[in-house]
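*Asks:* Questions regarding the structure given below will be posed in turn.
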Amino acid sequence: MDQISIIQPDDWHLHLRDNEALATTVPAAARGFGRGIVMPNLSPPVTTVAAAKAYRERILANLPVGVSWEPLMVLYLTDNTSVDEIRRAAECGFIHGCKYYPAGATTNSDSGVTDLANINPVLETMQEVGMVLQLHGEVTDCAIDIFDREAVFIERHLQRIVDDFPQLKMVFEHITTSQGVQFVTSAPENVAATITPQHLLYNRNDMLVGGIKPHLFCLPVLKRNTHQQSLIEAATSGNKKFFLGTDSAPHSKNDKESSCGCAGCFSHPAAIELYTEVFDQAGALDKLEAFASKNGADFYQLPYNKTSITIRRKAWNIPMSLPFTDSEIVPLGAGNTVNWKFEQ
Ligand code: DOR
Ligand code: ZN
């Protein structure tokens with residue numbers, strides 16, 4: 001097959017940052033995609049409906065003329081999130097989820113939740129109003145090895161949340177392990193997961209063998225190749241619980257190539273092509289549309305996009321770097337050849 005046409009895809013997990021960064025990140029997010037779930041880990045985080053509305057307007061102001069793309073906004077949960085704010089979010093029409101970050105787990109998560117027990121009333125209300133809970137599923141206990149943090153989160157917390165809130169819709173974000181795949185596969189219908197391109201394309205050897213590759217460092221961290229294999233099987237299975245979420249997370253080249261490099265891969269410049277490559281290599285191009293364009297919309301109870309996109313078999317090189325605010329940024333796969341090309 002030398003070309004594939006699918007319903008326009010959506011990205012169910014991404015980061016845009018704010019202010020000057022939006023001039024780069026918004027057009028990149030809109031490249032090929034119809035909508036995107038915009039993560040709220042700004043500094044300070046987006047914790048109120050009013051802040052989400054203002055952020056949404058700054059985002060839309062950076063959308064190129066003639067491009068239609070819809071930012072789907074998210075509230076950042078803290079120990080102090082009120083039940084009233086959740087109700088306002090459910091009514092406003094532009095907020096589609098609330099994000100749980102364990103305090104200290106990742107970029108700008110300092111204001112995150114210190115103990116899941118603190119937000120039981122909030123989860124109760126989210127369940128009642130049908131608001132989606134998006135989970136960064138890692139424990140932060142420093143006694144737990146970084147490669148085990150997702151699996152331990154399932155044992156210590158996720159199972160309990162699923163049991164205690166049987167109607168709460170939740171997305172286990174950017175899953176990285178076979179335990180994550182197994183949990184979501186056997187969980188009830190209200191539990192789904194996003195999968196990133198980097199966790200499908202790479203494993204920890206790619207990041208560490210022959211020298212550290214800071215541009216492959218993200219959180220949850222890449223795992224061993226057996227986990228990568230489970231993720232590929234889940235994504236390409238057609239199972240409606242798994243859908244596309246790039247976790248495209250822009251950081252400047254300097255911030256990544258540092259003695260304490262930031263976590264995050266800026267995947268948007270080639271996101272749709274990188275996913276296509278994974279599905280092609282797995283012999284599952286016929287499942288790409290479900291993963292990229294249908295499963296997420298079904299889960300969030302939104303209509304499919306009305307247009308289609310075509311991706312052609314055509315080799316091109318991902319740029320080594322791109323301009324970003326007053327510096328530059330290195331996209332995921334920089335310098336590599338991709339064998340598929342989406343043309344606008
Ligand atoms: O690698 C990551 N980068 N993981 C996250 O959870 C946050 C993200 C970011 O915002 O940079
Ligand atoms: Zn993220």
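*Asks:* Give me P(r) over segment 262-344, computed from all C-alpha to C-alpha distances, binned every 10 Å, as integer percentages.
*Replies:* 15, 40, 32, 12, 0
*Asks:* Could you work out [θ]222 nm for the chain from helices alone, using -39500 (n - 2.57) per DSSP H run of at least four and dividing by all its residues? Round to the nearest 500 deg cm²/dmol. List each step's numbers first, then the result.
*Replies:* On the way: 13 runs with 101 residues, N = 344.
Helix contribution divided over all residues of the chain: -8000 deg cm²/dmol.
*Asks:* Over the chain, average the accessible area per residue using a 1.4 Å probe and give it in Å², no decimals.
*Replies:* Using a 1.4 Å probe on heavy atoms only, each residue of the chain averages 40 Å².
*Asks:* Right, here's the next one. For the peptides 188-194, 112-118, what is the packing order when you average, over each peptide's residues, the other Cβ atoms within 10 Å and list the highest mean first?
*Replies:* Ranking the peptides 188-194, 112-118 by packing returns 188-194, 112-118.
*Asks:* Within 10 Å of each candidate Cβ there may be at most 16 other Cβ atoms; applying that plus a DSSP loop requirement, which GluC sites (Glu not before Pro) in segment 207-292 survive? If you can, show how the numbers build up before the last one.
*Replies:* Values: sites: 233, 257, 273, 277, 289; in loops: 257.
Passing both the DSSP loop test and the Cβ count: 257.
*Asks:* For the modelled label position 7 Å from the Cα of residue 286 along Cα-to-Cβ, which residues of segment 1-42 have backbone nitrogen atoms closer than 18 Å?
*Replies:* 1-7
*Asks:* Continuing with this model, one more query. Any chance you could tell me what percent of the C-alpha pair distances in segment 176-259 go past 19 Å?
*Replies:* 41 percent
*Asks:* So what's the Cα pair-distance distribution over segment 154-311, bin width 10 Å, in %?
*Replies:* Values per bin, smallest distances first: 10, 37, 35, 16, 2.
*Asks:* Any idea of residue 70's accessible area? Nearest 10 Å², probe 1.4 Å.
*Replies:* 80 Å²
*Asks:* Take the Cβ-Cβ distance between residue 115 and residue 224 as r, set R0 to 45 Å, and report the resulting FRET efficiency rounded to the nearest 0.05.
*Replies:* On the way: r = 30 Å, r/R0 = 0.67.
The computed FRET efficiency comes out at 0.90.
*Asks:* Here's a follow-up. How much accessible surface area, in Å² rounded to 10, belongs to the heavy atoms of residue 175 with a 1.4 Å probe?
*Replies:* Approximately 0 Å² for this residue.
*Asks:* Something else: Cut-off under 17 Å on the C-alpha distance; same-chain residues fewer than 8 positions from residue 240 excluded. Which aspartates and glutamates are left, in chain and number order?
*Replies:* Within the straight-line limit of under 17 Å, residue 240 reaches these aspartates and glutamates: 10, 11, 173, 189, 286, 289, 298.
*Asks:* Largest first and in whole Å, what are the equivalent-ellipsoid semi-axes of segment 1-82 based on the Cα gyration tensor, each being the root of 5 times an eigenvalue?
*Replies:* The equivalent ellipsoid of segment 1-82 has semi-axes of 26, 15, 10 Å.
*Asks:* Also, I was wondering about something else. Take 60, 135 and sort them by solvent-accessible surface of the protein heavy atoms, 1.4 Å probe, largest at the top. It would help to have the intermediate numbers written out before the result.
*Replies:* Details: 60 65, 135 0 Å².
Sorted descending by solvent-accessible area, the residues read 60, 135.
*Asks:* Take the alpha carbon atoms of segment 159-215, find their center, do the same for segment 245-315, and report the distance between the two centers in whole angstrom.
*Replies:* 15 Å
*Asks:* How big is the Rg/Rh ratio for segment 78-191, C-alpha atoms only, Rh by Kirkwood, two decimals?
*Replies:* Radius of gyration relative to Kirkwood radius: 0.95.
*Asks:* Something else about it: Tell me, what is the Rg over Rh of segment 160-211, with Rh the Kirkwood radius over Cα pairs?
*Replies:* 1.13
*Asks:* Here's something else I'd like to know. So what's the chain giving for Rg/Rh, alpha carbon basis, Kirkwood Rh from the mean inverse pair distance?
*Replies:* 0.93
*Asks:* Okay, moving on. Tell me the carbon and sulfur percent of the accessible area for the chain, rounded to whole percent, probe radius 1.4 Å.
*Replies:* On the way: 6540 of 13640 Å².
Carbon and sulfur: 48 percent of the exposed surface of the chain.
The values are calculated or read from the model by the stated rules, or taken from the named source; none is laboratory data. Since we're looking at a predicted model, the values are computed, not measured. Cβ atoms come from the backbone with ideal geometry, glycine included; neighbour counts cover every protein chain shown. Calculation scope for accessible area: heavy atoms of the full protein, side chains included, ligands and nucleic acids excluded. Shrake-Rupley method; radii C 1.70, N 1.55, O 1.52, S 1.80 Å.
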